[in-house]
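Heads up: the structure comes next, in structure tokens.
Each reported figure results from applying straightforward, stated rules to the coordinates on display, with no laboratory input. As the structure is a computational prediction, the values presented were derived from the model and not from experiment. When we count neighbours, we look across all protein chains shown, and the Cβ atoms used for this are built from the backbone with ideal geometry, even at glycine.
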Amino acid sequence: MNWKTRNSRRSFLTSLAVVTGASAFSGIPLPAAAESSASGTTSSGSSSPNTSGLSAASIRALNYTKGPEWFCSFDIIPTGGDLAFEEGIHRRDPSAVIKVGDFFYVWYTKSPGMSSGFGTGDPAKKVFPWDLSEVWYATSKDGFLWKEQGLAVGRGPAGSFDDRSVFTAEVLVHNGKYYLVYQVVQAPYLNRTKNKIAMAVADSPDGPWKKLPQPLLEPSDTGEWLGAVDNRFLVKKKGTFDSHKVHDPCLMFYKDQFWLYYKGERMGEQMTFGGREIAWGVAIADNPEGPYIKSKFNPVTNSGHEVMVWPYRGGIAALLSTDGPEKNTIQYAKDGINFEIEAVINRPPEAGGLFRTPDSDKGPLEGLRWGLCHSFGPGGWGYIQRFEVDERLKDEIMGKRKYE
């Protein structure tokens, strides 16, 4: 076999592995150099010359053996009614969508007015779009045209743990009760303010909602600030991944317990080659109202921003976006803890809330099939749109049909 034939065959086998998985190699011996690379005896990170005849990218690709079952893209579709763009009002961070009777329900962050950031000298001024916010809700008969129904959970009285802002809600329905989990901030809202997670409970999706008297989950408080300047990057000790904030809660009933997935932010956060130093954790309880114990395996992801998870065949699937080395991936953990990448995706919906279908076990993407997300219009005002999973490209290629 001459060198041209060897190189052509090696290129073909590498491409075949990427497209169809490791099974493509069954019964077909690799060229010796490729065998060496695939078995780990040649490292693209070593200082020794690369004698495999394969590029570093090709060597990595030999380990990319998963199929396209979890791969998809997304269509973003305007909503009608009260969730559409409205100048002067932020509507953002929609919860999961649930169906009760003939109506779909969603909860979201609502806040009027522009934000000014930190350092204005006026502690009453709004620092973020989600500052001075409350949780409102809307209903729809078709998932497209939405009617705002009013306030669900408002801010607490002065001095309470939620007196400054209440935002980023998620909903769980269990045994005829409705549980909202959401972020809270106590005034004043500073760079070093520690965000917490709280809960309210109702017998109806229309409320009234009764708040628990204490936060459901708090930061680990394992770090130590450096000096008195209000700068969240100056620390003596960073602490764990959730030493500063616990964010974006998502409550699931799983394995006969209540699993509260959340995003953690660290004191003295740094940047990595994947962007912000963000990870998710999970806390577990026997009762929906707690107490919640953080998993000893936390963090359970090394990336992601807003938490988006759904059940699938005895495990938990997740869409990770925005931050970290594994952002823009769909992952799956058969035990709810040990997540593995199943697909790399492009431009996932921002702050998505999934429709909680009872049919999530039908396929890996069924629990992600549609939902709501937020977008930003003129002036930066947040509003809510619909997203839908798009598998057309995958279907065209797998079906060997022409596509444009």
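As a proxy for reagent exposure, ranking Ile345, Ile337 by other Cβ atoms within 10 Å from fewest up yields Ile337, Ile345. Applying the Karplus relation 6.51 cos²θ - 1.76 cosθ + 1.60 with θ = phi - 60° to the range 94-107 yields 3J(HN,Hα) values of x, 6, 4, 9, 10, 10, 10, x, 9, 10, 8, 10, 9, 10 Hz, where x marks Gly and Pro.
Mean separation of Cα pairs under 8 Å and 6 or more residues apart, divided by the residue count, gives the chain a relative contact order of 14 percent.
Between Gly154, Gly119, Gly80, find the one with the highest GNM mean-square fluctuation for the chain; connect C-alpha pairs within less than 10 Å. Greatest mean-square fluctuation among the candidates belongs to Gly119. Under Stokes-Einstein, with the Kirkwood radius over Cα pairs as Rh, the value for the chain at 4 °C and 1.567 mPa s is 56 µm²/s.
Give me the net charge for the shell around Phe103: Cβ to Cβ below 12 angstrom, other residues only, Lys and Arg +1, Asp and Glu -1. Computed value for this residue: 0.
Counting only alpha carbon atoms, the long axis of helix 3-20 and the longest principal axis of the chain meet at about 30°. Taking Cβ atoms as reference points and 13 Å as the exclusive limit, the residues near Leu190 contribute a net charge of +3, counting Lys and Arg as +1 and Asp and Glu as -1.
Could you please rank His174, His305, placing first whichever residue has the fewest other Cβ atoms within 10 Å of its Cβ? Kindly include the intermediate steps, with their values, before the conclusion.
On the way: His174 12, His305 21.
The fewest-first ordering by Cβ neighbours comes to His174, His305.
Amide hydrogen proximity for Glu342: with H placed 1.01 Å from N in the peptide plane, the residues at 5 or more positions away or on another chain lying under 5 Å are Ile330, Gln331, Tyr332.
Restricting the range 259-351 to chymotrypsin sites (Phe, Trp or Tyr not before Pro) that sit in a DSSP loop and have at most 12 other Cβ atoms within 10 Å of their own Cβ leaves Phe273, Phe297.
Multiplying the sequence separation of Gln149 and Ala84 by 0.36 nm and subtracting their Cα-Cα distance, what value in nm do you get?
So the extension gain works out to 22.0 nm.
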